[in-house]
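The values are calculated or read from the model by the stated rules, or taken from the named source; none is laboratory data. Everything quoted here is computed from the prediction, not taken from an experiment. In this analysis, Cβ positions are derived from the backbone assuming ideal geometry, glycine residues included, and neighbour counts consider all displayed protein chains.
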Number of protein chains: 2
Amino acid sequence: MNQDYIQPNEWSIIEEGFDAERVKSSESLFSIGNGAMGQRANFEETYTGETFQGSYIAGVYYPDKTRVGWWKNGYPEYFAKVLNAPNWIGIKVFVNGLELDLATCKKVSGFRRELNMKEGWYKRSYSAVLDNNAEVQVNITRFLSLDLDEVGAISFDISLENMDGEVTFFPYLDSGITNEDSNWDDKFWNTTHVFSEGNRAFIEAHTMKTHFKTCTFMQATLDYMGTSISGNLDVSKDNFVSLKFSQHIKKGEHLKLTKFGGYTVSRNHPEDTLLNAANDVLDRASNIGFENLLEKQKQAWAGIWEMSDINILGDVKAQQGIRFNIFQLNQTYLGTDSRLNIGPKGFTGEKYGGSTYWDTEAYCIPFYMATKDELVARKLLKYRYNHLEKAIENAEKLGFTNGAALYPMVTMNGEECHNEWEITFEEIHRNGAIAFAIYNYYRYTGDYSYIPEMGLEVLIGIARFWHQRANFSGYRNKYVILGVTGPNEYENNVNNNWYTNYLAQWCIQFTLEQLAKVAEGYPEDYERVIGKTKLSSTECESWKKVADAMYFPYSEEYGVYLQQDGFLDKDLIKVADLDRTERPINQKWSWDRILRSPYIKQADVLQGFYFFEDRFTLEELEKHFDFYEPFTVHESSLSPCVHSIQAAKLGRMEQAYTFYLRTSRLDLDDYNKEVEEGLHITSMAGTWMSIVEGFGGMRIVNDGLSFDPRIPWQWEGYSFKVNFRNRIIKVIVSSGELTFELNGDHGMSILVRGNEYELLPKAPLKIH
Amino acid sequence: MNQDYIQPNEWSIIEEGFDAERVKSSESLFSIGNGAMGQRANFEETYTGETFQGSYIAGVYYPDKTRVGWWKNGYPEYFAKVLNAPNWIGIKVFVNGLELDLATCKKVSGFRRELNMKEGWYKRSYSAVLDNNAEVQVNITRFLSLDLDEVGAISFDISLENMDGEVTFFPYLDSGITNEDSNWDDKFWNTTHVFSEGNRAFIEAHTMKTHFKTCTFMQATLDYMGTSISGNLDVSKDNFVSLKFSQHIKKGEHLKLTKFGGYTVSRNHPEDTLLNAANDVLDRASNIGFENLLEKQKQAWAGIWEMSDINILGDVKAQQGIRFNIFQLNQTYLGTDSRLNIGPKGFTGEKYGGSTYWDTEAYCIPFYMATKDELVARKLLKYRYNHLEKAIENAEKLGFTNGAALYPMVTMNGEECHNEWEITFEEIHRNGAIAFAIYNYYRYTGDYSYIPEMGLEVLIGIARFWHQRANFSGYRNKYVILGVTGPNEYENNVNNNWYTNYLAQWCIQFTLEQLAKVAEGYPEDYERVIGKTKLSSTECESWKKVADAMYFPYSEEYGVYLQQDGFLDKDLIKVADLDRTERPINQKWSWDRILRSPYIKQADVLQGFYFFEDRFTLEELEKHFDFYEPFTVHESSLSPCVHSIQAAKLGRMEQAYTFYLRTSRLDLDDYNKEVEEGLHITSMAGTWMSIVEGFGGMRIVNDGLSFDPRIPWQWEGYSFKVNFRNRIIKVIVSSGELTFELNGDHGMSILVRGNEYELLPKAPLKIH
C-alpha cells in the first residue's frame, strides 16, 4: 500500500491531522527552496520526536573521507558531500514556563500543513494542549524569498485559548549541527564568531577543509496587539545564540513573532564582508516587511508558473502531481549560477552525497530548455565544461591518458563522489549523456555557439575516452567495450552493453562531425581547441576505426539488440509472472539474485531508443519495448517517464497513463517507501517530459517543432507551454480538439501529426 | 627488489642487526604459536617505535559490525573477527631509573633474532647503550609450550657491561588492547577482575557480545646469582597489573627474570574456574621449570619433524623455505580441536578478519592427511559438518530454499565474515572445494565412514545449492551458472566460469554416487539422512538433469575450455609483454582495468585441472597450461604452488623450481610486500604440495600410492615422508637414485613411474 495522506488539491500539498509517524515524510514533502538555499520542513519550535533536520546552502559542500569495506584502486580518497548547514529557523516557545513540543504535549488537534505551490509559501497550524493545560493555537507561515535569495521569513502566531499566560519566544541560531550520513563523525563546521546586536544575531562559521565561510543570521520582532515588544539576548555561546521575547497575554489574544533569517556565503561575497552583507540583507528584508516580501514571492512564482505550468483537467491527482514536480524543480534550480547543478535530492535530504548525476543531462536539460530562457540550459552545459580538467584527472586515475575525460558519476565540484567500483568505474555511459546533452541543446535551441566555444573540448575528451575504453576483439573482429554497468544498475560488470556501445559510437561520430563543422565555420575556435588538445588527424582516424567497427549484441531469434552479451542465458520469467511478494526486488532479493535475474531497474536499451528514436522505426521501437518492458521493474525513479513516453508513442495510452501517475506521484504517494530521506528531484523533470514529449508528442523535426498529441481517457484536457527559440507556444489538448497559441512577434510553422501548419501570433490554431 | 635480510639457514630463521624499518616484518616472520594460541614477535620490553601488537587465542573472536560504503541485501550485519587478546608478555625494564627502549636508546649493537624451527623456540639478544650510558647485554628466550598449551615461557636475561647499577623489572599484564582493523573503534574486551597474589597476577576479561571469558595470567621469578629475589605488586588498575622486581648488580653480573604467562579460556574450562585453572597450569609449569619445559618443547617438535620434515640437499634457501612453511602450519593448527581451523594468517596478524577459507579444503587438508594421523583431516571435515546448519541459513539469506547450503567465504563460527558482493555472494566455487575435500579425504585415507556419518548431509546441501544456482538457458539449451567469481578474483560477476560449472556438475554427480553407495552399504545412516533432509528421488532426478546438461564454454580455435563466457573478447596481451612497471597490477592498476584485462590472479581453469587431473590427458593439461599461464600474474599466494605442480608434471623443471621458490619463500622474501601484516599460512600447505605432488609426483592411483619423482638441477637431493593409511613411507630422491622406505608392519605395493613395486618393512627399495 502506498502512502495516501496528502489531500488531493490542484495547487497545494496539504496534510491534515498530526501523526508522528509521518513527520519525516512530511519534512521531505513540504520542503522549500529558492535555488540558493533550501530546507526540509522541520518545525521551528522544539520537537523531540523523530525528525531529520536539514538546511542546505547551494554549492556548500564538505570533502568527507571515503568509507568502504574493501578498498579498490581508483577510489577517491575524499569526496564532496552535501552539507547540513546551521539552523536559522529555530524558535523555542514556552507557555507559562513550559516548553511547547508536539512530541510531549497532552493533545494536538487541527494540525494542518499546506505547501502552496502557486504562491511559494508553507503554512502550518494546530491547536495543542500542554501539560500545564494551557491550550495554544499556532499559525506559522514560512517562505524562502525568490527576490532576496539569501533570506527566509517566518511568521509565528500564537494565542492562548483557555487562559491568560506568559508566552516566551527564544528565536535562535545553531551551528552545532551534524550530517546524518557523516562517515567518520567528523565535525564539518567550525564556528568562529557568535554575535548579537539588538534584535539581530549572527554566527560566523566555516566548513572544515573546504573553508566556505558563512554568516548565518536572524532578526526577530514580536508584535502584541500592534505594538512591538522588544527582546534581549538570552544565550550566546560556542555555536549557539538565542534572543528572548516575553509577553503576558490574555485568553484569546495573539502574539506574532516575525523572524527573518538566512545565510551570506563567501561563494557570493568577499570573505570579510559576510557580517555586513548579512546586516544589509536584513535591512532590505525589514524595509520591505514580511507581508510585502510575501506579496513579491507570489508575483515571482506567478512568473514561473506563467511559463512552466501544465494544466490538467478532470484529474486532480494528476494535476497535483505534475505541479508538485514543476514546483520542486524550480525550488531546486533556477539557472542563475553556472557553478550550481540539480542534485537528485535537491535541498530535501543528504542521500546521494554529491550533487550532480547524468540525470541533469538526460532528464533535466529538456525541462529547463523548454520552460526557461536558453541561457539556463547553457549554464548547465557550462558546468561540465568547467569540470573538464577534473574529468581528465579522473580518467588519469583510472589509467587513461592523452586527455581522455571521464566525468564522475556523482559530483559537486568535478571530483568523483561515489565509490562502488561497479558504478564509479563502470557506469561510464554517463559520459555519453553529457555529449548527448550538447547535441540536444543545439537541436532544441538552435544556438550552435556553445560547441565551438566550449563543447568541442568536452566532446574531444569524451571521444578520447571511448576510443581508449574500447578494445579490439580478435575473436569478433570488432571493437568491444568490456566491464561496464549500463543505466540498468541491476547488471554490473557486463560486456558490450548495447546502450553504452551505441553511445560510444555515436559520441565519436558526433565529435568528428562537430570537428569538421567548427573547422569550417569557426576557424579561430578550431585553431584554439586543436592547439589546446593537440588533436591530430591520425588520432581522429583511429577514433573512426573504433566507431566504424563497434560491436552490437543482437538476437536473430528475437530481432532485438541485446542489453548485453549473455542476456539470453537468463531465466526469462516476466515481471508479471513473479509473485507480488517478491517485489520490489531491491528490497526482497539478495544482490546476487538481482544480478543474475533478467530484471531491469530502468530503461537501458530503451534509453538508447529514447535518445536516438529518429534512427529506429516504430516497429523496431515496438519490438524492443515489447521485449524489454516486461522484464522492467521500474525500481529507479527515472524509469517510468521514459516508458510513459514510449508507450504514448506506441499508442498504448493506458500504460502511458499508469507510468505517468507513477512518475508524477512517486514522492507524494511514496511508491519507493523512502520519501523520508528526501524527494526525487531529477526524475521530476522526467514527469514533465512524459506529458510534453509523451502525451504531447513534442519533437524537434528539421529544426522545427512537431506535435502528436494524445490524451488519456481519464483526462478531460491538458495544456502546456514551451519556449522554443524565444517563442512561447501554448498547446491545449482536449479529447475533441487541439489548440496551439503563439506568443511572439513572428509566425512559425509547426508540424502536427505530420502535417505542416502556420502558427501566427494572436491567432489560435485549432485542429479537430 | 624483494626483502633479503633473513639469513639462510637450514633450521633457523635469523635476523642480524637492528633496523626499525624491519620491526613489523620481523614481528610477523618470528611469530610463535602452539595451535591453541599464538603471537607476533613483539618485544617484551617497551618499544616506542612502529610496531604491530598481536596476541591471539584460538577460537576467540568478536562479532564486529559490518562496514561497507553501500549496503547490499544479503550482507551479514555482524561478522566474527580475529581478536587481539590481552598482552601477557610485557616486561618493562629500567636501568638506574631509565627505561630500556630500543627506539630511544643511544646505541643498539649485536641485535640478533633466531626462530629455531627444529626446537620450537624464539631467541632475541642485543647490546644497548641507554641515555644514561649504561650498557646492557640482553638475551631473551620465548616459547609457547606444546605440552601445556595454555602456557608460554620467557626467560629475560640482562647484564650490565660497563657499570654497576640498579635493574628493575616490571612484568605486567595488559587488557587495554585494541584491534588495528576495528571497524567502529568498539571496545572488544571488558575487564572484570584485576588481581595479584605473590609473584602471580591475573586479569579476568570477557569479549563483548560473544562473552568468551578469559583469565590472562603470569608468574614472574627473578634469579640473581642463583638466588631468587622476591618482588611485589607495583600497579593494579582498570585493565593493567604489574609486579616489580629490583636488584642492584655489579658490572658483568646477570639477572634473569623468568615469566610464565598465558590464558585460560571459557571455551575449555567452566566459566567460574578460570582463575583456578590459571593457578593450576602455573603450578604445573613452575613445577616443571623453564629448562625442563623447553626440553619437552624440543622433544615435541622433534616428534612433529619426524613425521613432516622435508629435507633438501644443496639448496639452503629452498630448505629454509619449506621448513618455515611446515613449521608455521604446525604452529597454527595441530588438529586437536574440531572447533578450530586454519586461518590464512594463523596467529600472525588480523587481516582477513575471519579464520576459515576454502584454502583449508583446497590446500591444507592434503598436508595434514599426509603428515598427521587421519583423525586430524577428519576433524577439519567435521568442522564444516558442524557448520552445516549455518551454511543452510546463509543460503536462505540469499534466497535459496529446501536445505541448500552455501558455506561462507570467510568464517570463524559458520557465519559469513566478508562483505564484497562479488566475493561473498559470487565466489561460490568454495562450496565445491568442500565437497572435493570429502572425496579427497576418502581417496587418500580410505576411511569411508565420514561420508555416511556426516559428509553425505553436507554433500546434499551443496548439491541442492548447485541445482538451484544453475538456471536453464533456452538460448543454449543447457544449464548455465550466471554471475559468479571464480578462483581468479580479477574477474567478477562473470557467466559460466568453467571451473565453477565443472565443480557444480561434479558435486552433483559425486553426491548421487555417494547416495547410492550409502544406501547400499550403510542403510541405517541412509535412512537417517534421508529422513533428516527429506530428499526424494524426484529431487535427485532434477539434480541429474542439471548436471547432465551443464554448459562449458569452449574455444574451438584454441582447443581450450574458456575461463568464462567472453574471455576471448579481451585484449590478449601476455604478462611477459607488459611493461615491468605495470606490475603488480593490483597495486599499479585501477580495479576496472584489472577486471577487463585478461590477467589471472591465481589458477582458475588450471585449478580444475589440478583437482580433476585424472579426467584430462597430459596433452590437454599442456594446452591449457600454455594458454592460461602466460596471462597469470600470480598475485595470490595460492597461485605458484598449483602451477609448480603442473609445470613439474609437464617436465618443465626450471619453471616448476621458480614457482616453488616463490611459494616457499613468499613471506621470508616478502614477494607481495605485505609481510608486516602477517604470514600467508594456508598457502604454505601449497608449498608442501609443490614438493610432494609436484617434484615427488605423488598421487593416489587405484587406492594406492604412486610416485613420479623429478628433481630440479639446483638440488642434490630431497626427501619427504607421508603417512598413507597408517604406514609411513619415506621417499628419498637424488639425481641418480630413488629410495623408498616403509615404516610399518606390513608390506604394500606402490607405483613408481607407472611400474608396480612391492615395498617391504625395513627393506629400502632402490630404483635407478
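Within region A:752-766, residues that are touching a residue at least 40 places away in the same chain (Cβ under 8 Å) and in the same structural domain as A:Phe740 (by TED's automatic domain parsing) reach partners that are surrounded by 12 or more Cβ atoms within 10 Å (Cβ to Cβ) and among the charged types (D, E, K, R) with beta carbons closer than 6 Å, at six or more positions or on different chains, in the pairs A:Arg753/A:Asp708. Does A:Ser644 meet the test of being more than 25 Å from B:Lys72 (Cα to Cα), surrounded by 15 or more Cβ atoms within 10 Å (Cβ to Cβ), polar (S, T, N, Q) and more than 10 Å from chain B (Cβ to nearest Cβ)? Considered against the rule, which asks whether it is more than 25 Å from B:Lys72 (Cα to Cα), surrounded by 15 or more Cβ atoms within 10 Å (Cβ to Cβ), polar (S, T, N, Q) and more than 10 Å from chain B (Cβ to nearest Cβ), A:Ser644 comes out as yes. Away from every other protein chain (no Cβ under 14 Å), in contact with a strand residue (DSSP E or B) (Cβ under 8 Å, 6 or more places away or on another chain) and among the small types (Gly, Ala, Ser) - does that describe any residue in region A:582-605? Within region A:582-605, one or more residues are away from every other protein chain (no Cβ under 14 Å), in contact with a strand residue (DSSP E or B) (Cβ under 8 Å, 6 or more places away or on another chain) and among the small types (Gly, Ala, Ser). Within region A:450-495, the set of residues being in contact with a helix residue (DSSP H, G or I) (Cβ under 7 Å, 6 or more places away or on another chain), more than 20 Å from A:Leu398 (Cβ to Cβ) and within 14 Å of chain B (Cβ to nearest Cβ) comprises A:Ser473, A:Tyr475, A:Arg476, A:Tyr490, A:Glu491. Beta carbons closer than 6 Å, at least 6 apart along the sequence or on distinct chains, pair a first residue in region A:500-528 that is without any contact (Cβ under 8 Å) to a residue 12 or more places away in the chain with a second that is surrounded by 18 or more Cβ atoms within 10 Å (Cβ to Cβ) and among the aromatic types (Phe, Trp, Tyr) for A:Ala519/A:Tyr526. Does B:Ala277 fit the bill of being in contact with a Leu (Cβ under 9 Å, 6 or more places away or on another chain), more than 30 Å from B:Pro712 (Cβ to Cβ) and assigned to a helix (DSSP H, G or I)? No: the conditions fail for B:Ala277.
Out of B:His624, B:His634, which single residue is part of a loop (DSSP other than H, G, I, E, B), crowded, with 21+ Cβ neighbours inside 10 Å, more than 18 Å from the chain's Cα centre (by Cα) and not small (Gly, Ala, Ser)? Steps first, answer last, please.
On the way: B:His624 fails: part of a loop (DSSP other than H, G, I, E, B).
So the residue among B:His624, B:His634 that is part of a loop (DSSP other than H, G, I, E, B), crowded, with 21+ Cβ neighbours inside 10 Å, more than 18 Å from the chain's Cα centre (by Cα) and not small (Gly, Ala, Ser) is B:His634.
Which of the following residues is more than 24 Å from B:Lys244 (Cα to Cα) and within 23 Å of the chain's Cα centre (by Cα): B:Glu21, B:Glu77, B:Glu27? First the steps, then the outcome.
Numbers: B:Glu21 fails: within 23 Å of the chain's Cα centre (by Cα); B:Glu77 fails: within 23 Å of the chain's Cα centre (by Cα).
From the options B:Glu21, B:Glu77, B:Glu27, the qualifying one is B:Glu27.
Among residues of region A:23-79 being without any contact (Cβ under 8 Å) to a residue 12 or more places away in the chain and not aromatic (Phe, Trp, Tyr), the one that is surrounded by the most Cβ atoms within 10 Å (Cβ to Cβ) is A:Asn73. Quick check on region B:101-117. Is at least one of its residues in contact with a Ser or Thr (Cβ under 9 Å, 6 or more places away or on another chain), of a type in the set (D, E, K, R) and either more than 30 Å from B:Asp309 (Cα to Cα) or at pLDDT below 95 (or both)? Yes, region B:101-117 contains at least one residue that is in contact with a Ser or Thr (Cβ under 9 Å, 6 or more places away or on another chain), of a type in the set (D, E, K, R) and either more than 30 Å from B:Asp309 (Cα to Cα) or at pLDDT below 95 (or both).
Based on this model, can you work out whether B:Glu674 counts as within 30 Å of B:Glu21 (Cβ to Cβ) and surrounded by fewer than 19 Cβ atoms within 10 Å (Cβ to Cβ)?
Values: within 30 Å of B:Glu21 (Cβ to Cβ): yes; surrounded by fewer than 19 Cβ atoms within 10 Å (Cβ to Cβ): yes.
Judged against the criteria, B:Glu674 is a match.
Applying the condition of being charged (D, E, K, R) and more than 14 Å from B:Thr485 (Cα to Cα) to region B:413-449 and asking which residue is nearest to the other protein chains (Cβ to nearest Cβ) yields B:Glu416.
If the condition is being touching a Phe, Trp or Tyr at 6+ places or on another chain (Cβ under 9 Å) and assigned to a loop (DSSP other than H, G, I, E, B), then region A:287-341 contributes A:Asp309, A:Gly314, A:Asp315, A:Tyr333, A:Gly335, A:Ser338, A:Arg339, A:Leu340, A:Asn341.
Could you say whether any residue in region B:243-265 is in a strand (DSSP E or B) and modelled with pLDDT under 95? Within region B:243-265, not a single residue is in a strand (DSSP E or B) and modelled with pLDDT under 95.
When you go through B:Phe659, B:Phe616 one by one, which is the residue that is at pLDDT 95 or above, surrounded by fewer than 24 Cβ atoms within 10 Å (Cβ to Cβ) and away from chain A (no Cβ under 14 Å)?
Working: B:Phe659 fails: surrounded by fewer than 24 Cβ atoms within 10 Å (Cβ to Cβ).
Among B:Phe659, B:Phe616, only B:Phe616 is at pLDDT 95 or above, surrounded by fewer than 24 Cβ atoms within 10 Å (Cβ to Cβ) and away from chain A (no Cβ under 14 Å).
Inside region A:649-673, residues that are under 16 Å from the mean Cα position of the chain (by Cα) and assigned to a loop (DSSP other than H, G, I, E, B) make up a count of 4.
For region B:269-283, how many residues meet the condition of being buried (at least 16 other Cβ atoms within 10 Å of the Cβ) and touching a residue at least 40 places away in the same chain (Cβ under 8 Å)? Walk me through it before giving the result.
Here is the first cut: in region B:269-283, the residues buried (at least 16 other Cβ atoms within 10 Å of the Cβ) are B:269, B:274-275, B:277-279, B:281-282.
Imposing the further condition that a residue be touching a residue at least 40 places away in the same chain (Cβ under 8 Å) reduces the set to B:274-275, B:277-279, B:281-282.
Residues flagged as buried (at least 16 other Cβ atoms within 10 Å of the Cβ) and touching a residue at least 40 places away in the same chain (Cβ under 8 Å) within region B:269-283 amount to 7.
Being under 29 Å from the mean Cα position of the chain (by Cα) and within 22 Å of B:Ile600 (Cβ to Cβ) is a property that holds for B:Asn493.
Being hydrophobic (A, V, I, L, M, F, W, C) and not in a strand (DSSP E or B) is the filter; apply it to region A:185-233 and report the residue that is farthest from the chain's Cα centre (by Cα).
Top of the filtered list is A:Met225.
Look at (1) more than 14 Å from every other protein chain (Cβ to nearest Cβ); (2) within 28 Å of B:Asn492 (Cα to Cα) and you find that A:Lys379 fails only one, number (2). Would you check if B:Ser597 is within 25 Å of B:Ile434 (Cβ to Cβ) and crowded, with 18+ Cβ neighbours inside 10 Å? The answer is no for B:Ser597.
If you check A:Glu557, A:Glu541 for being surrounded by fewer than 17 Cβ atoms within 10 Å (Cβ to Cβ), out of contact with any strand residue (DSSP E or B) (no Cβ under 6 Å at 6 or more places or on another chain), more than 27 Å from B:Gly399 (Cα to Cα) and within 9 Å of chain B (Cβ to nearest Cβ), only one passes: A:Glu557.
Considering only region B:723-734, I want to know if a residue exists there that is in contact (Cβ under 8 Å) with a residue 60 or more places away in the chain, surrounded by 15 or more Cβ atoms within 10 Å (Cβ to Cβ) and within 23 Å of the chain's Cα centre (by Cα). The answer is yes, given that some residue of region B:723-734 is in contact (Cβ under 8 Å) with a residue 60 or more places away in the chain, surrounded by 15 or more Cβ atoms within 10 Å (Cβ to Cβ) and within 23 Å of the chain's Cα centre (by Cα).
So for region A:647-664 (the condition being of a type in the set (S, T, N, Q) and touching a Ser or Thr at 6+ places or on another chain (Cβ under 7 Å)), does at least one residue qualify? Checked region A:647-664: at least one residue is of a type in the set (S, T, N, Q) and touching a Ser or Thr at 6+ places or on another chain (Cβ under 7 Å).
Here region B:393-404 is the region considered, the condition is being touching a helix residue (DSSP H, G or I) at 6+ places or on another chain (Cβ under 7 Å) and within 18 Å of B:Phe79 (Cβ to Cβ), and the residue that is farthest from the other protein chains (Cβ to nearest Cβ) is B:Ala395. Kindly provide the set of residues from region B:103-120 that are buried (at least 21 other Cβ atoms within 10 Å of the Cβ) and part of a strand (DSSP E or B), ordered by number. Those that are buried (at least 21 other Cβ atoms within 10 Å of the Cβ) and part of a strand (DSSP E or B): B:Arg113, B:Leu115.
Against the test of being modelled with pLDDT of 95 or more and on the phi > 0 side of the Ramachandran plot, the options B:Asn501, B:Asn488, B:Asn493 yield a single qualifying residue, B:Asn493. Scanning region B:514-568 for residues that are acidic (Asp, Glu), closer than 30 Å to A:Asn477 by Cβ and under 37 Å from the mean Cα position of the chain (by Cα) yields a single hit, B:Asp565.
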